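A.B. asks: Mind having a look at this structure? Questions to follow.
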Amino acid sequence: MKTDVPYNRMVDLEWRREETNRRAQAYYRCILGLATVAIVLLVTMALQNLLMPGVSSSHPAPNPRLPLPLARSCSDPCKIVLVESIPEGLQFNSSVSHPSIYQAWLDLMEDARSSLDIASFYWTLTNKDTGTYEPTARQGEAVLERLAKVSGKLSVRIAVNTPQESQPQDDLKLLNSSGADIRTVDMRQLTSGVLHTKFWVVDKKHIYIGSANMDWRSLTQVKELGAVVYNCSCLAADLGKIFEAYWFLGQSGQKIPSPWPSSFSTPYNKDTPLQLPLNNTASSVYLSSSPPSFCAAGRTPDLQSILSVMEDANQFIYIAVMNYLPTMEFSHPKRYWANIDTQLRRMAYERRVKVRLLISCWASTQPVMLPFLRSLASVQDPKSKLDIQVRLFVVPANPKQKEIPFARVNHNKYMVTDKVAYIGTSNWSGDYFVSTAGSALVVNQTESQTPELTVQSQLKAVFERDWYSTYSTPLSQSSDLRDLC
């Protein structure tokens, strides 16, 4: 006996089958859509990492609102060389010596193929600028001549502090007419300070940073120290970001961004330094900058860099700077500023770290500096294992050399500890870290298997050469500035 399904029952079953099919199709379309979105996101992230030079594909781009990533690495065959200017007539009873800044600048210009960016305080590379007839100005004049030729062939950009009307500007006019692009940074309007930085970035892979100004005296009549790093695109790119900040602020009417656009940010700082082979030695490196308002996300302010380097020292802290004052040197009314001074006393007392300061003594030395240095030097007691010593370095001058304005001085600005080499562009008083634009290179090579070849060992040898030289005099409670300088 055959049993038929009623018509309405058949319709109901057919409707249910169609509804089930519709739901299944919707479900699979949803799954397919989610899978497509996931694939697009993965591809986008991969492309972003591939397009970010110098950044490992395992790290996202820095975000100022998120914690910075762990230290990044660089595989460039970076080479660092300390360079010096030794004033005419200065002779050391020591084998410690380094290539001249003059030759380093010539070599960098000779090697340049596409670009040269220079951040500078002022330009005085000829005898005409100083109203002198000094044969030793020839080196500065040669640098200017070569730079003028380079400006007609390559991209040359110069960021310079806005000159005062009384300052010579012939060098900049020559370079501008030769093809260089020049922007003046009105630091007085921006921060009430000056652009005191001194560095070069060449072809986005070589750099110079140090104490020497674009001044012929910095090559032959003033004692200077700096560093050149060759074939190091990752480090050059980071210093280039500091230059780009100056270049940005050199536009008419520009104000300091807060916050800075992400293109100025860096993953390299005191907490996450750049890991690279420097002279075939594993190294941790970063660049600091001042004032803090010029520091984009990730950048360590220069003062924090100095305090951090001191904090990490276990055995000694050696400092060579032209001026050392625990004050706001140029502020009115006068202000005390003891950040660095306090840290030195703390390290000597709490950690029994040996502290040495080699400070310049010359015609422009402020008398008020000596009482502060005497106070620091008084923290000396062998029984309590307190060991802070101060010496004054005098570059001698014959009658002819005394006629050269603002010359014959130790202009160094560096610090070296048992762990770190710090090479900067600033004098050590409050203004330079609060309102003045400066920068520094910080290198740690404590993991080296040949410690005698590290940058900090080389810099320590320079300091000890100068400290024990005939040009260095211990500061005592009875030292008289007029007799010493």
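The values are calculated or read from the model by the stated rules, or taken from the named source; none is laboratory data. Remember, predicted model here, so these are calculated numbers, not experimental data. Note: ideal-geometry Cβ built from the backbone for every residue, glycine included; neighbour counts use all protein chains shown. Ligands, DNA and RNA are excluded from the accessible area calculation, which covers all protein heavy atoms including side chains. Shrake-Rupley method; radii C 1.70, N 1.55, O 1.52, S 1.80 Å.
A.B. asks: Sort 333-339, 185-191 by packing, meaning the average of other beta carbons within 10 Å per residue, with the highest value first. Working shown, then result.
C.D. replies: Values: 333-339: 11.7, 185-191: 18.4.
Going by the mean number of other Cβ atoms within 10 Å, highest first, we get 185-191, 333-339.
A.B. asks: So, counting K/R as plus one and D/E as minus one, what does the shell of residues with Cβ under 11 Å around residue 103 add up to? Spell out each step's value before the answer.
C.D. replies: On the way: positive: none; negative: 84, 107, 110.
Result for the neighbourhood of residue 103: -3.
A.B. asks: Kindly rank 426-435, 392-401 from highest to lowest mean number of other beta carbons found within 10 Å of each residue.
C.D. replies: Ranking, from highest mean packing down: 426-435, 392-401.
A.B. asks: Moving on. What is the percent carbon and sulfur in the accessible area of the range 203-331, measuring with a 1.4 Å probe over the protein chains and ignoring ligands? Intermediate results must be reported in sequence, preceding the final value.
C.D. replies: On the way: 1890 of 3800 Å².
Carbon and sulfur: 50 percent of the exposed surface of the range 203-331.
A.B. asks: Still on this structure: Is the C-alpha gyration tensor of the range 119-249 telling us rounded, prolate or oblate? Criteria: a/c under 1.5 is rounded; beyond that, a/b larger than b/c is prolate, otherwise oblate. Intermediate results must be reported in sequence, preceding the final value.
C.D. replies: Details: a/c = 1.45, a/b = 1.21, b/c = 1.19.
Rounded is the answer for the range 119-249, as its axis ratio a/c remains below 1.5.
A.B. asks: Could you sort 113, 299 by their accessible area in this structure, using a 1.4 Å probe and putting the largest first? Write down the numbers at each step before the final one.
C.D. replies: Values: 113 165, 299 20 Å².
Final ranking, largest accessible area leading: 113, 299.
A.B. asks: Another question, if that's okay. Where a Cα-Cα gap under 16 Å defines reach, which lysines qualify for residue 402, not counting those fewer than 8 residues away within the same chain?
C.D. replies: 223
A.B. asks: With each run of n ≥ 4 DSSP H residues scored as -39500 (n - 2.57), what mean residue ellipticity at 222 nm is computed for the chain after dividing by its residue count and rounding to the nearest 500 deg cm²/dmol? Don't jump to the answer; show the numbers that get you there.
C.D. replies: Working: 15 runs with 165 residues, N = 485.
So the helix-based figure for the chain works out to -10500 deg cm²/dmol.
A.B. asks: In terms of the Cα gyration tensor, with a ≥ b ≥ c the square roots of its eigenvalues, is the range 193-285 rounded because a/c is under 1.5, prolate because a/b exceeds b/c, or oblate? Write out the running numbers ahead of the final one.
C.D. replies: Details: a/c = 2.12, a/b = 1.05, b/c = 2.02.
Taking the square roots of the gyration eigenvalues as a ≥ b ≥ c, the range 193-285 is oblate.
A.B. asks: Answer rounded, prolate or oblate for the range 63-200, using the Cα gyration tensor with square roots of eigenvalues a ≥ b ≥ c: rounded when a/c is under 1.5, else prolate when a/b is larger than b/c, else oblate.
C.D. replies: Details: a/c = 1.55, a/b = 1.15, b/c = 1.35.
The shape class here is oblate.
A.B. asks: Around residue 260, which amide H atoms from residues at least 5 apart in sequence, or from another chain, sit under 5 Å from its own amide H, with H modelled in the peptide plane?
C.D. replies: 297
A.B. asks: Once the other residues with Cβ under 14 Å from the Cβ of residue 180 are scored (Lys, Arg +1; Asp, Glu -1), what is the net sum? Before the final figure, lay out each step's value.
C.D. replies: Values: positive: 146, 149, 153, 157, 173, 183; negative: 117, 145, 170, 171, 181.
Once all neighbours under 14 Å are counted, the net charge is +1.
A.B. asks: Another question, then. With every protein chain kept in place and ligands, DNA and RNA left out, what is the accessible area per residue of the range 341-465? Probe 1.4 Å, answer in Å².
C.D. replies: Numbers: 4770 Å² over 125 residues.
With all protein chains present, the range 341-465 gives 38 Å² per residue.
A.B. asks: To check you understand DSSP bridge types, tell me what percent of the beta bridges within the range 273-377 (both residues inside) are antiparallel, rounded to 5. Can you show the working numbers first?
C.D. replies: Numbers: 6 of 13 bridges.
Looking only at bridges with both residues in the range 273-377, the antiparallel portion is about 45 percent.
A.B. asks: I'd like the antiparallel share, as a percent to the nearest 5, of DSSP beta bridges with both residues in the chain. Intermediate results must be reported in sequence, preceding the final value.
C.D. replies: On the way: 50 of 82 bridges.
That works out to approximately 60 percent antiparallel.
A.B. asks: Measure off, as a whole percent, the carbon and sulfur share of the 1.4 Å-probe accessible area of the range 350-427, all protein chains present.
C.D. replies: Details: 1690 of 3140 Å².
The computed percentage sits at 54.
A.B. asks: Given 79/270; 205/255; 205/419; 153/400; 173/413; 153/460, which pairs have Cα atoms separated by over 31 Å?
C.D. replies: From 79/270; 205/255; 205/419; 153/400; 173/413; 153/460, over 31 Å: 153/400; 153/460.
A.B. asks: Quick check: net charge around residue 355, other residues with Cβ under 9 Å of its Cβ, Lys/Arg +1 and Asp/Glu -1? Let's see the in-between values first.
C.D. replies: Details: positive: 345, 354, 356; negative: 387.
With Lys, Arg at +1 and Asp, Glu at -1, the neighbours total +2.
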